[in-house]
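Colleague: My questions will all concern the structure given below.
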Amino acid sequence: IETIKEKMGYYYFDVKIGEYKKIFAVKDISRSIRQINQESIIITDVDGNRYLIPDIWAINAKSRRKIEPYLY
């Protein structure tokens, strides 16, 4: 996760997935980010695409700190 920015009620995620960069928008962040279990998180964007983080502890600490405020 490079950045998460809020603009006009939408949250824009700028992420790096493998070698690819992707920007996607989330409207209702409290409903769009779900913690499946202690390690896994699924994020659903405004188009219905789902992004899985299978192990939150496997991503770097800087990225984890950016998403942690939205998990609770």
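The values are calculated or read from the model by the stated rules, or taken from the named source; none is laboratory data. Bear in mind that the values here come from a model prediction, so they are computed numbers and not experimental data. Virtual Cβ from ideal backbone geometry, glycine too; neighbours counted across all protein chains shown. The area values use the complete protein model at the heavy-atom level, side chains included, leaving out ligands, DNA and RNA. Shrake-Rupley method; radii C 1.70, N 1.55, O 1.52, S 1.80 Å.
Colleague: How large a share of the accessible area of the chain, in percent, is made up of carbon and sulfur atoms when the probe is 1.4 Å and the other protein chains stay in place?
Modeller: Heavy-atom surface of the chain belonging to carbon and sulfur, 1.4 Å probe: 49 percent.
Colleague: In nm, give the distance between the simple-model label positions of Ala58 and Lys21, each being 7 Å from the Cα along the Cα-to-Cβ direction.
Modeller: 2.4 nm
Colleague: Excluding ligands, DNA and RNA, what is the solvent-accessible area per residue of the chain at a probe of 1.4 Å, expressed in Å²?
Modeller: Accessible area per residue: 73 Å².
Colleague: Would you mind classifying the chain by shape? Square roots of the alpha carbon gyration tensor eigenvalues, ordered a ≥ b ≥ c; an a/c under 1.5 is rounded, otherwise it is prolate if a/b is larger than b/c and oblate if not.
Modeller: rounded
Colleague: If you place +1 on the Cβ of every Lys and Arg, -1 on the Cβ of every Asp and Glu, and leave all else neutral, what size is the dipole of the chain about its Cα centre, to the nearest 20 Debye?
Modeller: The dipole of the chain has a size of about 160 debye.
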